[in-house]
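Peer 1: Below: one structure in structure tokens.
The values are calculated or read from the model by the stated rules, or taken from the named source; none is laboratory data. These figures come from a predicted structure and were not determined experimentally. All Cβ positions, glycine included, derive from the backbone under ideal geometry; neighbour counts span all protein chains shown. The accessibility values were calculated without ligands, DNA or RNA, using every heavy atom of the protein model including side chains. Shrake-Rupley method; radii C 1.70, N 1.55, O 1.52, S 1.80 Å.
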Amino acid sequence: MLILLPPSEGKTPAAHGPAVEWESLSFPALNASRAKVLEALGTVSAHEDALALLGVGASLKADVERNTRLHAEPAAPAHQVYSGVLYDALGFNSLTATQRRKASESVLVVSALWGAIGFGDHVPAYRLSMGTALPDVGRLASFWKPQLSAALAERTEGELLVDCRSSTYAAAWTPPAAQTVAVNVFTEANGKRTVVSHFAKHTRGEFARHLLTRRGRAPATPQQLLKAAGEAWTAELVEGTARKAHALNIILPG
């Protein structure tokens, strides 16, 4: 089982430590592409209209300025740098040592800057969304899609892929439908279902934590994943097709 996560938009910079060591990152075949994106990001972030070009507000000026020196910025494990709602709910720091090892082995983060990284890979904090277009790179989802398909093929072969990514990051890589289960979250009240956003992030983080902390073998099929979800939530499985992934719908009370 592999759990696919998006990064958090907000990130926690490392206070000190060495800069990113490229050869230590998972999927080193992506390093040339990572360097290309990093260079383009640095150029855009140094522009006088950087905030507008990156689609962020004035409150993020310091984050954008940091983008210009990412080669030298201190790096920290991805599970520390990513610090949004989903990651708070996952709660890596409160896992046991065994559970942390499991997380490091089974969690992949799809990233606008790095393509894909492992949970324990050391990276600096940065500000970049997968929906952004960069000079000489283009729209990042389109840039990464063929490269991630090639780089992740061997690592994901034969694994059940639990896809907790948002639609923006799912656009960067379409894994094989037969082995993929997209995790959706709804609220239901009086027989009416509503798609949720903030609570979807939180629930996906809780679900990832549940998969990392529950006893027994990790789910290996969509049906086993449904059973695991049913241990804590009301859930249903929508069978996929040759081209469309399975869907695990977690239903929260409205």
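Peer 1: Condition (residue is over 18 Å from A50 (Cβ atoms), surrounded by 24 or more Cβ atoms within 10 Å (Cβ to Cβ), out of contact with any Lys or Arg (no Cβ under 9 Å at 6 or more places or on another chain) and at pLDDT 95 or above) applied to the stretch 133-144: is it met by at least one residue?
Peer 2: Yes, the conditions are met somewhere in the stretch 133-144.
Peer 1: If you don't mind, there's one more thing I want to ask. With the condition kept exactly as written, say whether any residue in the stretch 182-191 is hydroxyl-bearing (S, T, Y), modelled with pLDDT of 95 or more and open to solvent by 20 Å² or more (accessible area, probe 1.4 Å).
Peer 2: The answer is no, given that none of the residues of the stretch 182-191 is hydroxyl-bearing (S, T, Y), modelled with pLDDT of 95 or more and open to solvent by 20 Å² or more (accessible area, probe 1.4 Å).
Peer 1: If you don't mind, another one. Give the stretch 99-118 a look and list any residue that's closer than 15 Å to A208 by Cα and polar (S, T, N, Q), or say none.
Peer 2: Q99, S104, S106
Peer 1: Say we look at the stretch 131-160 and pick out the residues that are without any contact (Cβ under 8 Å) to a residue 60 or more places away in the chain and assigned to a loop (DSSP other than H, G, I, E, B); which of these is farthest from R217 (Cα to Cα)?
Peer 2: E157
Peer 1: Would you point out the residue of the stretch 162-181, among those that are in a strand (DSSP E or B) and out of contact with any His (no Cβ under 8 Å at 6 or more places or on another chain), that is surrounded by the most Cβ atoms within 10 Å (Cβ to Cβ)? Give the derivation first.
Peer 2: If we filter the stretch 162-181 for residues that are in a strand (DSSP E or B), which is where we start, we get 162-163, 180-181.
From the residues that got through so far, the ones that are out of contact with any His (no Cβ under 8 Å at 6 or more places or on another chain) too are 162-163.
Working: V162: 27, D163: 25.
Result: V162.
Peer 1: Which one of these is acidic (D, E), on the phi < 0 side of the Ramachandran plot and buried (at least 19 other Cβ atoms within 10 Å of the Cβ): D88, D49, D63? Walk me through it before giving the result.
Peer 2: Details: D88 fails: buried (at least 19 other Cβ atoms within 10 Å of the Cβ); D49 fails: buried (at least 19 other Cβ atoms within 10 Å of the Cβ).
Of the residues listed, the single one that is acidic (D, E), on the phi < 0 side of the Ramachandran plot and buried (at least 19 other Cβ atoms within 10 Å of the Cβ) is D63.
Peer 1: Additional query: For residues in the stretch 198-239 being touching a residue at least 12 places away in the same chain (Cβ under 8 Å), part of a loop (DSSP other than H, G, I, E, B) and open to solvent by 30 Å² or more (accessible area, probe 1.4 Å), which is farthest from S104 (Cα to Cα)?
Peer 2: E239
Peer 1: I would also like to ask the following. Scanning for something among the polar types (S, T, N, Q) and part of a loop (DSSP other than H, G, I, E, B), does the stretch 93-109 turn up at least one residue?
Peer 2: Let us first name the residues in the stretch 93-109 that are among the polar types (S, T, N, Q), namely 93-94, 96, 98-99, 104, 106.
From what is left, the residues that are part of a loop (DSSP other than H, G, I, E, B) are 96.
Yes, there is a match, as at least one residue in the stretch 93-109 is among the polar types (S, T, N, Q) and part of a loop (DSSP other than H, G, I, E, B).
Peer 1: Taking the stretch 66-85 as the search range and keeping residues that are touching an Asp or Glu at 6+ places or on another chain (Cβ under 7 Å) and part of a helix (DSSP H, G or I), which one is surrounded by the most Cβ atoms within 10 Å (Cβ to Cβ)?
Peer 2: Step by step, filter the stretch 66-85, then rank; the result is A78.
Peer 1: Could you check the stretch 174-214 and list, in sequence order, the residues that are farther than 19 Å from G91 by Cα and of a type in the set (D, E)?
Peer 2: Within the stretch 174-214, just E188 meets the criteria.
Peer 1: Right, S94: over 19 Å from L161 (Cα atoms), surrounded by fewer than 18 Cβ atoms within 10 Å (Cβ to Cβ) and modelled with pLDDT of 95 or more or not? I'd like the intermediate steps shown before the answer.
Peer 2: Values: over 19 Å from L161 (Cα atoms): yes; surrounded by fewer than 18 Cβ atoms within 10 Å (Cβ to Cβ): yes; modelled with pLDDT of 95 or more: yes.
Yes: the conditions hold for S94.
Peer 1: Is it fair to say P13 is assigned to a loop (DSSP other than H, G, I, E, B) and in contact with a Lys or Arg (Cβ under 8 Å, 6 or more places away or on another chain)?
Peer 2: Details: assigned to a loop (DSSP other than H, G, I, E, B): yes; in contact with a Lys or Arg (Cβ under 8 Å, 6 or more places away or on another chain): yes.
When the stated conditions are applied, P13 passes them.
Peer 1: What single numbered condition from (1) farther than 24 Å from A170 by Cβ; (2) not in a helix (DSSP H, G or I) fails to hold for K61?
Peer 2: Of the numbered conditions (1) farther than 24 Å from A170 by Cβ; (2) not in a helix (DSSP H, G or I), the odd one out for K61 is (2).
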